[in-house]
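Participant: Input: one structure, supplied below.
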Amino acid sequence: MDVGLIGLGGMGTGMAKSLLRAGHGVTVFNRTRARADALKADGATVAATIADACRSGIVMTMVADDAALESQVFGDAGILASLPRNGIHISCSTIGVALSDRLTAAHSAAGQQFISCPVFGRPDAAEAGRLAVVAAGPANAVERCKPLFEAFGPKLLILGEKPSLANVVKLSGNFLIASVLESLSEAIAFARKSGVDAATLLDFLTSTLFNAPVYKTYGGLIVEGNYDKVGFALPLGLKDVRLVLQAAEAKSVPMPIASVVRDRFLTAMARGNESKDWSALGLIAAEDAGLPPA
């Protein structure tokens, strides 16, 4: 299939490579042109404008936040103005539920279709085709685009025809990861200050009670203090927890743990960790316990 892809950060670049490896024709666009040019060697076509990326009638977006996506969709010569009638916009970004509903309505009014297709995984998983994918949108459009989703990884959950349901799942998942980061950080700080080797603790827990990738991956980063290896930047973690709280408030759902985690991200930001991975909550827990960095 031919598809455009807008947004070539770590995730978008990895997803483009997975699509190309699966045999799809990919036209890429990024505001920083060099990132698009770097994919020429993998077989990508570089678009000069957003409109060029929309010419195939199917365009994916993988951008940082709601504001970035709004500018690319609703801006002059943006996606809404450039997609042909019956064209499909697939948003893979982690965005708010309210924006997803707004995009659904706007594309429908323009005679286009909108699919929300957020993914779970870090950039290395995106490049290796090991992402978990959640998709929701018009059934005919989702079915048509299934080969694209399958290029991203072996796990695909299709939720139905309301795109924002996929965003609810993505925000729920990211909230749980953020909660794991905070609880792991506290537990490891407690163990270290009590004289238990953190690596030994983590190995025991992740081979017994908590034998799951999220504990192993992020626990390893926290034990090593390897917060400069950024797979998901700390400000994006704060953004996602805020989005969870906004969506939950709209449904009158209290989420007290999310409020605590938001404040922990704010603390990390206030201490100058904006450029670190969101696992830097481990650094905050260590500092609060009076411990040196791992």
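Participant: Can you name every one of the helices (runs of 4 or more DSSP H) wholly within the stretch 9-81 that holds 3 or more residues which are surrounded by fewer than 18 Cβ atoms within 10 Å (Cβ to Cβ)? First the steps, then the outcome.
Facilitator: Numbers: elements: 10-21, 33-37, 50-53, 66-74.
It comes to 33-37, 66-74.
Participant: Report yes if some residue within the stretch 132-149 is at pLDDT 95 or above, assigned to a helix (DSSP H, G or I) and of a type in the set (S, T, N, Q); otherwise report no.
Facilitator: Taking every residue of the stretch 132-149 in turn, at least one turns out to be at pLDDT 95 or above, assigned to a helix (DSSP H, G or I) and of a type in the set (S, T, N, Q).
Participant: Still on this model: Just to be sure before I move on: is ALA294 in contact with a Gly (Cβ under 9 Å, 6 or more places away or on another chain), surrounded by fewer than 20 Cβ atoms within 10 Å (Cβ to Cβ), small (Gly, Ala, Ser) and touching a residue at least 12 places away in the same chain (Cβ under 8 Å) in the structure I sent?
Facilitator: It is true that ALA294 is in contact with a Gly (Cβ under 9 Å, 6 or more places away or on another chain), surrounded by fewer than 20 Cβ atoms within 10 Å (Cβ to Cβ), small (Gly, Ala, Ser) and touching a residue at least 12 places away in the same chain (Cβ under 8 Å).
Participant: With of a type in the set (A, V, I, L, M, F, W, C), in a helix (DSSP H, G or I) and either out of contact with any strand residue (DSSP E or B) (no Cβ under 6 Å at 6 or more places or on another chain) or surrounded by fewer than 21 Cβ atoms within 10 Å (Cβ to Cβ) (or both) as the only criterion, which of VAL260, VAL196, VAL230 stands out? Walk me through how you get there before you give the answer.
Facilitator: On the way: VAL196 fails: in a helix (DSSP H, G or I); VAL230 fails: in a helix (DSSP H, G or I).
Checking each option against the conditions leaves just VAL260.
Participant: Considering only the stretch 147-193, how many residues are buried (at least 22 other Cβ atoms within 10 Å of the Cβ) and of a type in the set (D, E, K, R)?
Facilitator: Summing the residues that are buried (at least 22 other Cβ atoms within 10 Å of the Cβ) and of a type in the set (D, E, K, R) in the stretch 147-193 gives 1.
Participant: Going by what's in this entry, would ALA187 be described as at pLDDT 95 or above, assigned to a helix (DSSP H, G or I), over 16 Å from the mean Cα position of the chain (by Cα) and under 23 Å from VAL3 (Cα atoms)?
Facilitator: The answer is no for ALA187.
The values are calculated or read from the model by the stated rules, or taken from the named source; none is laboratory data. All figures in this text were calculated on a predicted structure; none of them were measured in a lab. Note that we place each Cβ from the backbone using ideal geometry, even for glycine, and neighbour counts take in every protein chain shown.
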